[in-house]
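So the structure is just underneath, and the comments pick up after that.
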Amino acid sequence: MKTVRIKGSSEQIPVGKIVCIGQNYAEHIKEMKGEIPKSPVFFLKPSTAIVHNGGEIVLPSVSHDVHHEVELTVLIGKDGKNIPQNAAMSHVLGYGVGLDMTLRDVQSEAKKKGLPWTLAKGFDTSAPFSEFIPASEVSNPGTLHLQLKVNGFVRQSSGTHDLIFSVDTLIAYLSQFITLERGDVLFTGTPQGVAQVKSGDNLEASLRDSTGKPLASLSVHVH
């Protein structure tokens with residue numbers, strides 16, 4: 001079973017499910033020619049999609065257009081169902097940075113046919129993410145900065161203040177339909193700037209606070 005770790009702790013926390021939010025930054029919705037949703041849009045990745053810092057993304061032969069999507073990740077620390085929004089943050093154990101790797105051509109074809117996106121989003125190595133920092137070290141998850149560099153060049157750079165649906169809103173909404181459990185990971189959506197990756201690329205993602213202090217980082221290689 002895949003596990004994750006909180007910085008400063010030796011505990012290996014088994015990951016149950018990975019819940020991903022789509023269409024949560026207005027500028028990304030524009031670049032994808034979509035419409036701003038009235039409620040959160042979500043999908044799942046299996047825990048077998050996880051790649052840890054220093055790992056490798058393996059491009060499936062079924063796709064010729066794999067995209068990076070940098071995101072704030074949230075580690076759930078305790079179980080909850082129908083969680084009130086004013087209690088949502090008490091269920092957060094930690095924060096990190098991750099990549100929602102997407103087979104864009106496969107996803108586009110599935111959308112045209114009205115089919116599920118599972119292959120496009122859930123293939124092995126499609127969910128690289130950093131270790132998590134304790135939630136106590138983040139006073140406000142709505143004031144963080146995300147950045148992704150590909151081969152040293154900035155591709156994505158944005159702040160979580162641009163999230164359409166905040167972390168507490170997402171937790172409260174999702175828990176109406178899916179019980180959240182300790183070890184679940186939430187991907188909160190990607191900002192603008194998604195683009196294709198190719199074999200040999202090096203991806204470096206970072207999460208910083210409002211003062212520029214580094215909180216979490218992730219470095220993976222594309223094979």
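Fewest neighbouring Cβ atoms within 10 Å first, the residues S10, S139 line up as S10, S139. Averaging the sequence gap over all C-alpha pairs within less than 8 Å and six or more residues apart, then dividing by the number of residues, gives the chain a relative contact order of 32 percent. With neighbour counts taken as other beta-carbon atoms within 10 Å, the residues S157, S47 rank, fewest first, as S157, S47. Annotation: lysines with alpha-carbon distance below 27 angstrom to K2 (same-chain offsets under eight excluded): K17, K45, K78, K81, K121, K149, K198. Ordering V74, V19, V62 by the number of other Cβ atoms within 10 Å of each residue's own Cβ, fewest first, gives V62, V19, V74. Per-residue ellipticity at 222 nm computed for the chain from its helices equals -3500 deg cm²/dmol, with DSSP H segments shorter than 4 residues left out and the rest contributing -39,500 (n - 2.57).
Remark: the Cα gyration tensor places segment 78-192 in the oblate category, a/c being 1.5 or greater and a/b not exceeding b/c. Since only F153, V197, T118 are under comparison, the one whose Cα sits farthest along the positive direction of the charge dipole of the chain, derived from C-beta charges on Lys, Arg, Asp and Glu, is T118. Note on segment 38-80 and segment 139-196: Cα centroid distance 11 Å, given to the nearest whole angstrom.
Taking the Cα centre of segment 3-222 as origin and assigning +1 to Lys and Arg Cβ atoms and -1 to Asp and Glu Cβ atoms, the resulting dipole is close to 280 debye.
Read-outs throughout are calculated quantities, based only on the coordinates presented, and are distinct from any laboratory measurement. Just so you know, these numbers come straight off a predicted model, no measurement behind them. Neighbour counts run over all protein chains shown; Cβ positions are idealised from the backbone, glycine included.
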